[in-house]
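*Asks:* Quick one: the structure is below, and I'll ask about it shortly.
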Amino acid sequence: QLRIDDAHLVRPKHPIHIPVDTLPDLVWRNTARWQDKIAIECGVTGRRLTYAQLRDASRRLAVALRSARMLGPRRPEEEEEGEGGRRGADAAVLMANAPEFPVVMLGAAEARVVLSTINPAYTPEEVGRQLADNGARVVFADAACVPLAQAALARRPDGQRPLLVRVGPGDAPPGVLRFEDITGPGAPLDSPDIPEGDPNAVCVLPYSSGTTGLPKGVLLAHRALTANMHQIQHPEVAHVRATEGDFQDVIPAVLPFFHIYGMVVVLLNSLCMGAKVVSLPKFDPAGFVRTMIEKKATGLFAAPPLVLFLAGHPSVPAETLASLRFVLCGAAPLAAADAERLLARASHHIDLVQGYGMTEASPVLTQGRKGFMGAVGPPLPATEAVVINMDTLSSVPHGQEGELCFRGPQVMNGYWQRPEDTASTLVAGGWLRTGDVGRLDENGDFLILDRAKELIKVKGFQVAPAELEALLREHAAVAEAAVVGLPDARAGELPCAYVVPRAPPGDAAAGDALRAALAAHVARHVARHKQLAGGVRLVADIPKNASGKILRRRLRDEPPPE
Ligand code: AYL
């Protein structure tokens with residue numbers, strides 16, 4: 001589909017050998033020498049697991065998952081279904097960051113159970129939609145999320161009632177399994193029903209809206225996830241340093257593990273290096289600062305709002321940064337000026353680089369180089385890039401602007417049950433179209449200039465305009481709706497709705513009432529970050545092309561009068 005001139009290819013700078021691994025094989029092989037080191041500790045409760053405890057609890061969970069009470073032994077034909085992504089998710093996890101999260105992930109991976117991760121801030125409706133889409137039969141939820149999971153399951157259209165497991169210490173309500181019972185010291189550590197690992201099998205199913213439409217399950221194979229970890233651990237780009245003797249990196253984990261950044265780059269990558277992960281269930285400014293200081297954080301994975309907080313907030317004492325060696329910022333654009341302000345606050349040198357990627361790429365595609373702040377860097381090892389003209393789909397010479405496309409072992413198998421979206425995103429030759437506009441600069445680093453896809457990013461989280469538009473159209477007063485992102489200094493972007501009312505409001509007060517009613521309607525159905533914080537604008541019409549497609553760029557750049 002793409003027309004690529006060889007001279008336009010951007011090749012990786014460093015050679016690498018990437019072993020083909022399953023996730024548990026990579027993690028347990030790497031961590032065998034750190035058995036007594038702390039793997040993960042809760043920054044609030046102090047609950048912690050050593051690497052040995054993490055391995056045993058994961059193994060016990062794998063055994064439980066393959067027991068008759070949960071999913072049962074896998075039949076050979078089911079294994080095959082997993083490989084082409086013909087099976088959705090077997091299990092889902094709905095919890096805040098906590099030490100049990102990697103137990104669920106690695107236990108599921110070991111049992112060859114495909115795990116879908118869900119945002120615990122979602123409404124029952126949003127959770128229900130994701131569960132119904134992927135058909136998970138077991139749901140792991142922490143204490144706070146059990147009612148959310150129950151509410152979501154109660155409305156499941158197919159009437160299926162997955163098994164609910166309450167994660168964390170304490171009792172479970174009737175009908176809900178206790179995590180302790182299946183992963184505690186009394187539970188069996190081995191079973192003949194544990195299937196053999198297969199690097200080609202799908203491992204996780206996070207959700208992303210990609211370049212267009214509603215959130216979709218992203219089929220990520222074991223080998224894609226482990227390839228991405230091998231790539232980011234290459235000595236030329238690595239940030240977390242392997243534990244050795246008394247040295248152990250301390251990584252606060254406030255970015256959520258359900259999102260691919262928190263899952264792979266923060267959690268799994270840190271575990272592979274033997275670091276101590278300090279998990280934080282939510283961002284509480286004072287608690288975060290305390291954790292940074294008391295735990296002597298050596299590395300930090302951030303999104304732009306966290307960099308802004310550390311760089312500019314008056315309540316952040318300079319010692320917060322005292323033990324930091326590196327900061328990686330990804331998930332949304334970081335202004336060079338904000339990066340400089342953070343560095344200026346520290347009295348020592350900190351390596352600050354940007355990472356760029358997407359869920360569909362496990363997620364990392366490029367990583368910035370030290371000292372080149374505004375750029376996202378060259379492609380990772382074993383990753384090729386090309387910039388294309390979006391109209392002709394032909395590659396353009398280095399330095400010219402266009403859509404960034406990448407090819408590498410970290411790229412997804414496709415979207416779950418969305419063959420058309422898969423075909424338009426993952427095109428011939430294995431190229432992943434990102435929907436991001438950028439160019440290569442004179443140093444060989446990529447610059448991200450714009451987003452051509454519909455996706456809105458609020459504090460680094462995805463918001464799919466199609467989802468909000470569908471909700472708005474359900475409202476009786478709405479004839480047409482279009483949602484775009486408005487720039488915002490703190491959140492990056494905020495969703496803003498352009499609405500054509502069925503009947504124009506009679507006066508200003510009626511207009512205000514309608515705007516408020518529409519914002520409230522959306523707020524009732526979606527998580528906080530998707531709410532119409534950018535406002536609701538009542539307009540006479542919405543710019544569309546000949547085939548009825550909303551001209552989002554036009555809306556954003558030349559908003560129609562209200
Ligand atoms: P998703 N600069 C500008 N935009 C970015 C950046 C960046 N550094 N990183 C991600 N994006 C946007 O699936 C871009 O539009 O994955 C991209 O297509 O939630 C979209 O976010 C993907 O959103 C890391 C650490 C990548 C984190 C990530 C984040 C992956 C977010 C590499 O090293």
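The values are calculated or read from the model by the stated rules, or taken from the named source; none is laboratory data. These numbers were taken from a predicted model, which means no experiment stands behind them. Quick reminder, even Gly has a Cβ in these numbers, built from the backbone with ideal geometry, and neighbours come from all protein chains shown. These area figures cover heavy atoms from the full protein model, side chains too; ligands, DNA and RNA do not enter into them. Shrake-Rupley method; radii C 1.70, N 1.55, O 1.52, S 1.80 Å.
*Asks:* Can you tell me which residue in the stretch 39-88 is modelled with the lowest pLDDT, limited to those that are more than 14 Å from residue 182 (Cβ to Cβ) and of a type in the set (Lys, Arg)? I'd like the intermediate steps shown before the answer.
*Replies:* Looking only at the stretch 39-88, we keep the residues that are more than 14 Å from residue 182 (Cβ to Cβ), and these are 39-55, 72-88.
Now drop any that are not of a type in the set (Lys, Arg), which leaves 47-48, 55, 74-75, 86-87.
Details: 47: 97, 48: 98, 55: 98, 74: 79, 75: 74, 86: 65, 87: 76.
Residue satisfying both the conditions and the ranking: 86.
*Asks:* Ok, one more. Can you confirm whether residue 390 is open to solvent by less than 30 Å² (accessible area, probe 1.4 Å), more than 10 Å from the ligand (Cβ to nearest atom) and in a loop (DSSP other than H, G, I, E, B)? Walk me through it before giving the result.
*Replies:* Details: open to solvent by less than 30 Å² (accessible area, probe 1.4 Å): no; more than 10 Å from the ligand (Cβ to nearest atom): yes; in a loop (DSSP other than H, G, I, E, B): yes.
Here the answer is no, as residue 390 does not meet what is asked.
*Asks:* Of everything in the stretch 393-415, what is within 15 Å of the ligand (Cβ to nearest atom), more than 24 Å from residue 19 (Cα to Cα) and in a loop (DSSP other than H, G, I, E, B)? Give them in sequence order.
*Replies:* Within the stretch 393-415, 401 is the sole residue that qualifies.
*Asks:* So residue 242 clears everything in (1) away from the ligand (no atom under 16 Å from the Cβ); (2) more than 20 Å from residue 19 (Cβ to Cβ) except one condition, right? Which one?
*Replies:* In the conditions (1) away from the ligand (no atom under 16 Å from the Cβ); (2) more than 20 Å from residue 19 (Cβ to Cβ), residue 242 misses (2) alone.
*Asks:* Examine the stretch 406-421 for a residue that is farther than 21 Å from residue 207 by Cβ, over 20 Å from the mean Cα position of the chain (by Cα) and crowded, with 21+ Cβ neighbours inside 10 Å, and state whether such a residue exists. It would help to see each step written out before you state the result.
*Replies:* Looking only at the stretch 406-421, we keep the residues that are farther than 21 Å from residue 207 by Cβ, and these are 407-409.
Subset that is over 20 Å from the mean Cα position of the chain (by Cα): none.
No: the stretch 406-421 contains no residue that is farther than 21 Å from residue 207 by Cβ, over 20 Å from the mean Cα position of the chain (by Cα) and crowded, with 21+ Cβ neighbours inside 10 Å.
*Asks:* Same structure, new question: Those residues that are surrounded by 16 or more Cβ atoms within 10 Å (Cβ to Cβ), among the aliphatic types (A, V, I, L, M) and closer than 13 Å to residue 454 by Cβ, I need them from the stretch 467-488; list them, please.
*Replies:* Those that are surrounded by 16 or more Cβ atoms within 10 Å (Cβ to Cβ), among the aliphatic types (A, V, I, L, M) and closer than 13 Å to residue 454 by Cβ: 468, 482, 483, 484.
*Asks:* Of the numbered conditions (1) more than 8 Å from the ligand (Cβ to nearest atom); (2) open to solvent by less than 20 Å² (accessible area, probe 1.4 Å), residue 359 satisfies every one except a single condition; which is it?
*Replies:* (1)
*Asks:* Same structure again: I'd like the full set of residues that are in contact with a strand residue (DSSP E or B) (Cβ under 6 Å, 6 or more places away or on another chain) and at pLDDT 95 or above, limited to the stretch 137-162. Spell out the reasoning first.
*Replies:* Narrowing the stretch 137-162 to residues in contact with a strand residue (DSSP E or B) (Cβ under 6 Å, 6 or more places away or on another chain): 138-142, 145-146, 149, 162.
Answer for the stretch 137-162, where residues must be in contact with a strand residue (DSSP E or B) (Cβ under 6 Å, 6 or more places away or on another chain) and at pLDDT 95 or above: 138, 139, 140, 141, 142, 145, 146, 149.
*Asks:* How do the pairs read when you match residues in the stretch 257-283 that are modelled with pLDDT under 95 and open to solvent by 10 Å² or more (accessible area, probe 1.4 Å) with residues anywhere that are within 16 Å of the ligand (Cβ to nearest atom) and part of a helix (DSSP H, G or I), using Cβ under 6 Å and keeping only pairs 6 or more apart or on different chains?
*Replies:* From residues that are modelled with pLDDT under 95 and open to solvent by 10 Å² or more (accessible area, probe 1.4 Å), there are no pairs.
*Asks:* Then there is this: Based on what the data block shows, is residue 152 touching a Pro at 6+ places or on another chain (Cβ under 7 Å), buried (at least 20 other Cβ atoms within 10 Å of the Cβ) and not in a loop (DSSP other than H, G, I, E, B)? First the steps, then the outcome.
*Replies:* Values: touching a Pro at 6+ places or on another chain (Cβ under 7 Å): yes; buried (at least 20 other Cβ atoms within 10 Å of the Cβ): yes; not in a loop (DSSP other than H, G, I, E, B): yes.
Here the answer is yes, as residue 152 does meet what is asked.
*Asks:* Sticking with this one: Could you list, in sequence order, the residues of the stretch 89-111 that are modelled with pLDDT of 95 or more and among the charged types (D, E, K, R)?
*Replies:* 100, 110
*Asks:* So which of 341, 325, 345, 290 ends up being closer than 19 Å to residue 488 by Cα, charged (D, E, K, R) and more than 16 Å from the ligand (Cβ to nearest atom)?
*Replies:* 341
Table: residues versus (1) more than 15 Å from the ligand (Cβ to nearest atom); (2) open to solvent by less than 20 Å² (accessible area, probe 1.4 Å); (3) over 25 Å from the mean Cα position of the chain (by Cα).
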position: 310; (1), (2), (3): yes, yes, no
position: 333; (1), (2), (3): no, no, no
position: 349; (1), (2), (3): yes, no, yes
position: 355; (1), (2), (3): no, yes, no
position: 382; (1), (2), (3): yes, no, no
position: 385; (1), (2), (3): no, yes, no
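*Asks:* On to the next question. Only helices (runs of 4 or more DSSP H) wholly contained in the stretch 176-275 count here; list those with 1 or more residues that are of a type in the set (Gly, Ala, Ser).
*Replies:* 222-232, 269-272
*Asks:* Which members of the stretch 462-484 meet the condition of being hydrophobic (A, V, I, L, M, F, W, C) and farther than 20 Å from residue 504 by Cα?
*Replies:* Restricting attention to the stretch 462-484, the residues satisfying the condition of being hydrophobic (A, V, I, L, M, F, W, C) are 463-464, 466, 468, 470-472, 476-479, 481-484.
Hits for the stretch 462-484 are 463, 464, 466, 468, 470, 484.
*Asks:* Residue check, residue 179 against (1) closer than 25 Å to residue 527 by Cα; (2) in contact (Cβ under 8 Å) with a residue 40 or more places away in the chain; (3) touching a strand residue (DSSP E or B) at 6+ places or on another chain (Cβ under 6 Å), all met but one. Which one?
*Replies:* Just one mismatch for residue 179, condition (1).
*Asks:* Now, a different point. Is it true that residue 101 is of a type in the set (Phe, Trp, Tyr), part of a helix (DSSP H, G or I) and surrounded by 24 or more Cβ atoms within 10 Å (Cβ to Cβ)? Give the derivation first.
*Replies:* Working: of a type in the set (Phe, Trp, Tyr): yes; part of a helix (DSSP H, G or I): yes; surrounded by 24 or more Cβ atoms within 10 Å (Cβ to Cβ): yes.
So residue 101 fits the description; yes.
*Asks:* Here are some conditions: (1) open to solvent by 50 Å² or more (accessible area, probe 1.4 Å); (2) closer than 30 Å to residue 301 by Cα. Residue 186 meets all but one. Which one does it not meet?
*Replies:* (2)
*Asks:* Can you tell me which residue within the stretch 28-55, out of those that are of a type outside the set (Lys, Arg), in a helix (DSSP H, G or I) and out of contact with any Lys or Arg (no Cβ under 8 Å at 6 or more places or on another chain), is surrounded by the fewest Cβ atoms within 10 Å (Cβ to Cβ)? First the steps, then the outcome.
*Replies:* Within the stretch 28-55, the first condition is being of a type outside the set (Lys, Arg), and the residues that meet it are 28, 30-32, 34-36, 38-46, 49-54.
Next, only the ones that are in a helix (DSSP H, G or I) stay: 28, 30-32, 34, 51-54.
Adding the requirement that they be out of contact with any Lys or Arg (no Cβ under 8 Å at 6 or more places or on another chain) leaves 30, 32, 34, 52-54.
Numbers: 30: 19, 32: 12, 34: 21, 52: 15, 53: 19, 54: 25.
So the residue we want is 32.
*Asks:* Something else: Any idea which of 454, 442 is closer than 30 Å to residue 4 by Cβ and open to solvent by 60 Å² or more (accessible area, probe 1.4 Å)? Give the steps one after another, and end with the answer.
*Replies:* Working: 454 fails: open to solvent by 60 Å² or more (accessible area, probe 1.4 Å).
Only one candidate qualifies: 442.
*Asks:* From the list 319, 236, 244, which residue is open to solvent by 10 Å² or more (accessible area, probe 1.4 Å) and more than 29 Å from residue 203 (Cβ to Cβ)? Show your work before the answer.
*Replies:* Working: 236 fails: more than 29 Å from residue 203 (Cβ to Cβ); 244 fails: more than 29 Å from residue 203 (Cβ to Cβ).
The conditions single out 319.
*Asks:* Output the number of residues of the stretch 115-137 satisfying the condition of being surrounded by fewer than 22 Cβ atoms within 10 Å (Cβ to Cβ) and of a type in the set (A, V, I, L, M).
*Replies:* Of the residues in that region, 2 qualify.
*Asks:* Among the residues of the stretch 422-445, what is the count of those that are assigned to a helix (DSSP H, G or I) and either under 19 Å from the mean Cα position of the chain (by Cα) or at positive phi (or both)? Let's see the steps before the verdict.
*Replies:* Of all residues in the stretch 422-445, those assigned to a helix (DSSP H, G or I) come to 422-425, 428-430.
The next check asks that each one be either under 19 Å from the mean Cα position of the chain (by Cα) or at positive phi (or both); those that pass are 422, 425, 429-430.
Within the stretch 422-445, residues that are assigned to a helix (DSSP H, G or I) and either under 19 Å from the mean Cα position of the chain (by Cα) or at positive phi (or both) number 4.
*Asks:* If you don't mind, there's one more thing I want to ask. Applying the selection to the stretch 457-466, what residues are surrounded by fewer than 22 Cβ atoms within 10 Å (Cβ to Cβ), closer than 15 Å to residue 331 by Cα and of a type in the set (A, V, I, L, M, F, W, C)?
*Replies:* 461
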